[in-house]
Amino acid sequence: MTYDDIETPAPLVDLATVERNLAPMQAYCDTHGIRLRPHIKTHKIVRLARRQAELGAIGITCQKLTEAEVMLDSGVQDILISYPLIGPQKARRLAAIAGNARFTVAADSALAVDTAAEAARLSGAEIGVLVEFDSGLGRTGVVTPEAALALAQQVVATPGLRFAGVMTYPANEATAAFVARLRPMLDAAGIGLPMVSGGGSPRAFHMHELGCVDELRVGTYIYNDRAMIGAGAATIEDCALMVIATVISIPQPGHFIIDAGTKTLTSDPAGPGNPGFGLLVDYPQAVIERLTEEHGIVSIDPMLPTPKLGEKVRIVPNHVCPVSNLHDQVLVRLPDGTLEAWDVSARGCTR
Ligand SMILES: Cc1ncc(COP(=O)(O)O)c(C=O)c1O
């Protein structure tokens with residue numbers, strides 16, 4: 001199969017670019033004594049998780065239990081679920097796989113710790129717990145060091161659980177300030193702080209500057225996207241996944257329609273200063289102004305070069321992770337130029 005054979009819309013991953021993105025991150029972590037634990041949410045592909053481990057990752061991060069179930073096929077032996085698991089269904093599901101790898105889960109409540117404890121009891125396997133704190137995102141995570149200490153104490157007092165340390169997303173200056181307050185409290189309680197896990201691709205290569213991050217969870221760095229370009233952390237050449245679409249209609253000059261809508265590109269924005277729903281690589285002045293499910297409505301200055309009807313166009317998605325989630329397979333361009341279809345096995349894993 002070659003580029004001309006591609007039936008659109010389709011995500012196309014360039015493996016050479018993937019390799020160019022993976023190696024420097026591993027080298028950076030090795031240089032700074034940071035353990036790399038890539039987040040598979042970006043690619044959701046078993047072979048790529050295996051490749052990240054081959055290059056030196058200490059394990060992987062999954063957001064959901066069902067992603068972890070799929071990723072066990074990669075042979076990776078150390079899995080963090082960076083998401084609070086709450087309730088008996090989750091405890092049973094975690095217990096069913098807990099003996100197949102070394103598992104750690106995030107917790108920001110007593111109930112999440114109880115859920116992990118129940119999974120440990122049911123499975124007989126030890127489960128690590130990372131207490132999650134908020135570094136300003138306003139999502140999950142305790143907001144005071146006192147609350148983090150209380151959860152750490154609960155973990156330490158619970159049979160079957162191992163206090164693995166603390167985690168946050170994204171890691172930033174607030175992370176360092178929080179850790180600076182928490183560490184002496186944990187020391188005074190005789191618990192200590194085994195590890196700080198931080199995440200986020202845009203600032204990944206600056207993590208060592210925070211002086212407290214022991215483990216790095218990054219996902220987007222494997223493919224990059226328009227938001228990474230907007231953040232100054234990547235260029236178009238670093239974008240390994242592009243959506244290939246076809247111009248299916250040109251109703252009037254300055255206006256054309258592609259066969260990629262929300263079902264292909266998602267409706268995620270790219271952030272301030274980057275209008276539209278993706279970057280048309282060969283027509284950078286064009287703006288994908290609106291999406292319906294199957295249509296992308298593009299405007300461009302009619303005086304500028306415009307694609308022809310039937311032409312294939314390449315699009316860098318605004319946010320690449322949910323684009324992976326929309327596709328059963330990606331086409332992968334191998335170093336010899338041939339294309340292969342790879343299963344996105346952990347797509348749709350919402351549980
Ligand atoms: C908890 C957590 N850790 C790590 C990551 C990876 O972040 P990035 O894709 O910016 O590398 C994410 C991304 O959403 C996340 O939610």
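The values are calculated or read from the model by the stated rules, or taken from the named source; none is laboratory data. Predicted model, so just to flag it, every value in this text is computed and none were measured. Reconstructed Cβ throughout: ideal geometry from the backbone, glycine too, with neighbour counts over all protein chains shown. Side chains are part of the model used for accessible areas, which takes the heavy atoms of the whole protein and leaves out ligands, DNA and RNA. Shrake-Rupley method; radii C 1.70, N 1.55, O 1.52, S 1.80 Å.
So residue 103 clears everything in (1) of a type outside the set (A, V, I, L, M); (2) closer than 23 Å to residue 216 by Cα; (3) not in a strand (DSSP E or B) except one condition, right? Which one?
(3)
Which of the residues belonging to the stretch 31-79 are in a loop (DSSP other than H, G, I, E, B) and either aromatic (Phe, Trp, Tyr) or away from the ligand (no atom under 12 Å from the Cβ) (or both)?
Those that are in a loop (DSSP other than H, G, I, E, B) and either aromatic (Phe, Trp, Tyr) or away from the ligand (no atom under 12 Å from the Cβ) (or both): 33, 34, 44, 45, 55, 56, 57, 58, 59, 75, 76, 77.
For (1) in contact with a helix residue (DSSP H, G or I) (Cβ under 6 Å, 6 or more places away or on another chain); (2) at pLDDT 95 or above; (3) open to solvent by 10 Å² or more (accessible area, probe 1.4 Å); (4) more than 13 Å from residue 25 (Cα to Cα), each residue gets a yes or a no:
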{"residue": "181", "(1), (2), (3), (4)": "yes, yes, yes, yes"}
{"residue": "185", "(1), (2), (3), (4)": "yes, yes, yes, yes"}
{"residue": "189", "(1), (2), (3), (4)": "no, yes, yes, yes"}
{"residue": "193", "(1), (2), (3), (4)": "yes, yes, yes, yes"}
{"residue": "203", "(1), (2), (3), (4)": "no, yes, yes, no"}
{"residue": "209", "(1), (2), (3), (4)": "no, yes, yes, yes"}
{"residue": "216", "(1), (2), (3), (4)": "yes, yes, no, no"}
{"residue": "222", "(1), (2), (3), (4)": "yes, yes, no, no"}
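Which one of 318, 325 is among the polar types (S, T, N, Q) and surrounded by 19 or more Cβ atoms within 10 Å (Cβ to Cβ)?
318
Give me a count of the residues in the stretch 277-294 that are buried (at least 17 other Cβ atoms within 10 Å of the Cβ) and either assigned to a loop (DSSP other than H, G, I, E, B) or out of contact with any helix residue (DSSP H, G or I) (no Cβ under 8 Å at 6 or more places or on another chain) (or both).
The total comes to 6.
Please pick out the residue among 164, 240 that is of a type in the set (A, V, I, L, M), open to solvent by less than 20 Å² (accessible area, probe 1.4 Å), in contact (Cβ under 8 Å) with a residue 40 or more places away in the chain and not assigned by TED's automatic domain parsing to the domain that holds residue 25.
Criteria check complete, one pass: 240.
In this structure, does residue 15 turn out to be open to solvent by 10 Å² or more (accessible area, probe 1.4 Å), among the hydrophobic types (A, V, I, L, M, F, W, C) and free of Cβ contacts under 8 Å to residues at least 40 places away in the same chain?
no
For the subset of the stretch 80-89 comprising residues that are open to solvent by 20 Å² or more (accessible area, probe 1.4 Å) and closer than 17 Å to residue 130 by Cα, which member is farthest from the ligand (Cβ to nearest atom)?
Ranking the candidates gives 86 first.
Within the stretch 159-263, considering only strands (runs of 3 or more DSSP E) that don't extend past its boundaries, which have at least 3 residues that are more than 12 Å from the ligand (Cβ to nearest atom)?
Here the list reads 161-167, 241-252, 255-258.
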